[in-house]
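Okay, so here's the structure we're looking at.
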Amino acid sequence: SVKNKSVKNYAVYDQKLRANLILEQEIVNDMESALENREFKVYMQPKCDMDTGKIVGAEALVRWQHPEKGLIPPSEFIPAFEKNQFIIKVDYFIWEEVCRELRRQIAAGKRPIPISVNVSRTNLYQNDLYQQLVSLVERYQIDPALFQLEITETVYARNMEYLSKVVDRLQAYGFTILMDDFGSGYSSLNMLKDIHIDVIKLDMRFLTGETDGHDKGGDIMSSVVRMAKWLNLYVIAEGVETEQQVEFLLSINCHYAQGYYYYRPMPMDVFWNLIEDREKVDDQGMRHKMGDTF
Ligand code: C2E
Ligand code: MG
Ligand code: MG
Ligand code: MG
């Protein structure tokens, strides 16, 4: 009966909830030692020029190589770390790893490549964020143009003025600012109005159905790309998985993408080996390709 079914579902849900709570507790118990033991790993996912398939940059993504649980994706620990603020330390750790890797490559005479890191919401509101980032790139002697910052839409609209000032300072220093997951929250336009960013990352998962011309998602994406052009911003589509998506994106003049269609996130050493192949990399990086097509 319906009643039995809902009681049963409730029991299943309750079990899952308990399992999640236990897991969260375990994660919190293990986090300090994980940082000390350097169990957090940086994975790299290339960003590509869709016309040539060549690599124009990459995003650094955290993983937790847990001694018993194996490789844990960020979706399983970031929510807990946002809650207890441990994300501040994990973000710093990842940023430093990226700076160290860039410095090592440059010291070895290799060509560096722009790498973006994620800045958690919590970190965005830390008073010393600017100082932390600046002293990091200074310590490792990294051109801030090579160290890009991905920030996420925020619902704290009342802090927009503060955020706007922080972002302006970071930009003035030379960091490139990317707005991550554009369109997934409910304050995208608001943020675009008040925060001076350089790049919009448009999530393909925003599209639910096919882009057959009847789908509003496609129209909205197309409008975002045109709006970006007017605002003099780059657009990178993320979560690109299929050839059809590539064709659609090119048809709306979006030329940069990140997604499984091109590369999955990979360990740091695999990434550096990959870009050793000069054929795979676009040395000019991202240029405006939207041109006069509007
Ligand atoms: P994000 O910053 O939007 O990163 C993109 C996510 O999409 C990554 O998931 C990536 O693996 C995934 N992805 C890339 N291409 C595809 C595709 O074609 N299809 C699908 N289905 N997914 C794709 P990941 O690595 O699991 O990270 C999830 C989120 O965790 C990130 O989303 C970001 O919000 C957060 N995150 C990751 N690393 C860090 C970090 O170091 N610090 C902070 N604060 N957050 C991080
Ligand atoms: Mg990101
Ligand atoms: Mg994203
Ligand atoms: Mg995303």
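Tell me the residue from T293, T211 that is among the hydroxyl-bearing types (S, T, Y), open to solvent by 80 Å² or more (accessible area, probe 1.4 Å) and at pLDDT below 95, please.
Going through T293, T211 in turn, just one is among the hydroxyl-bearing types (S, T, Y), open to solvent by 80 Å² or more (accessible area, probe 1.4 Å) and at pLDDT below 95: T293.
Could you pull out the residue among D181, D194, D168 that is at pLDDT below 95, over 25 Å from N84 (Cα atoms) and open to solvent by 40 Å² or more (accessible area, probe 1.4 Å)?
Criteria check complete, one pass: D194.
In this structure, does C99 turn out to be crowded, with 16+ Cβ neighbours inside 10 Å, assigned to a helix (DSSP H, G or I) and touching a Lys or Arg at 6+ places or on another chain (Cβ under 8 Å)?
Against the criterion (crowded, with 16+ Cβ neighbours inside 10 Å, assigned to a helix (DSSP H, G or I) and touching a Lys or Arg at 6+ places or on another chain (Cβ under 8 Å)), C99 qualifies.
Are there any pairs with C-beta distances below 9 angstrom linking a residue in the range 231-245 that is assigned to a loop (DSSP other than H, G, I, E, B) and of a type in the set (D, E) to a residue that is modelled with pLDDT of 95 or more and within 14 Å of ligand 2 (Cβ to nearest atom), with the two at least 6 apart or on different chains, and if so which?
So the pair list comes out as E241/G259.
With respect to E150, determine if the residue is of a type in the set (D, E), within 16 Å of ligand 3 (Cβ to nearest atom) and buried (at least 16 other Cβ atoms within 10 Å of the Cβ).
Yes; evaluated as a whole, the condition is true for this residue.
Which members of the range 70-92 meet the condition of being among the hydrophobic types (A, V, I, L, M, F, W, C), under 18 Å from V119 (Cβ atoms) and not in a helix (DSSP H, G or I)?
Within the range 70-92, F77, F86 meet the criteria.
Restricting the range 35-79 to residues that are farther than 23 Å from K201 by Cβ and aliphatic (A, V, I, L, M), which is least open to solvent (accessible area, probe 1.4 Å)?
This residue is I72.
Among the residues of the range 93-124, write down those that are in contact with a helix residue (DSSP H, G or I) (Cβ under 7 Å, 6 or more places away or on another chain) and hydroxyl-bearing (S, T, Y).
Matches in the range 93-124: S120, T122.
Can you spot a residue in the range 77-94 that is touching a Pro at 6+ places or on another chain (Cβ under 8 Å) and in contact (Cβ under 8 Å) with a residue 12 or more places away in the chain?
Checked the range 77-94: no residue is touching a Pro at 6+ places or on another chain (Cβ under 8 Å) and in contact (Cβ under 8 Å) with a residue 12 or more places away in the chain.
Of all residues in the range 133-147, which are β-branched (V, I, T) and either part of a helix (DSSP H, G or I) or surrounded by fewer than 17 Cβ atoms within 10 Å (Cβ to Cβ) (or both)? Can you show your working first?
Taking the range 133-147 as the starting set, the residues that turn out to be β-branched (V, I, T) are 134, 137, 142.
Selection gives V134, V137.
The values are calculated or read from the model by the stated rules, or taken from the named source; none is laboratory data. Everything numeric in this text was worked out from a predicted model, so none of it was measured. A quick note on method: Cβ atoms are made from the backbone with ideal geometry, for glycine too, and the neighbour counts reach across all protein chains shown. In case anyone asks, the SASA skips ligands and DNA or RNA and just uses the protein heavy atoms, side chains included. Shrake-Rupley method; radii C 1.70, N 1.55, O 1.52, S 1.80 Å.
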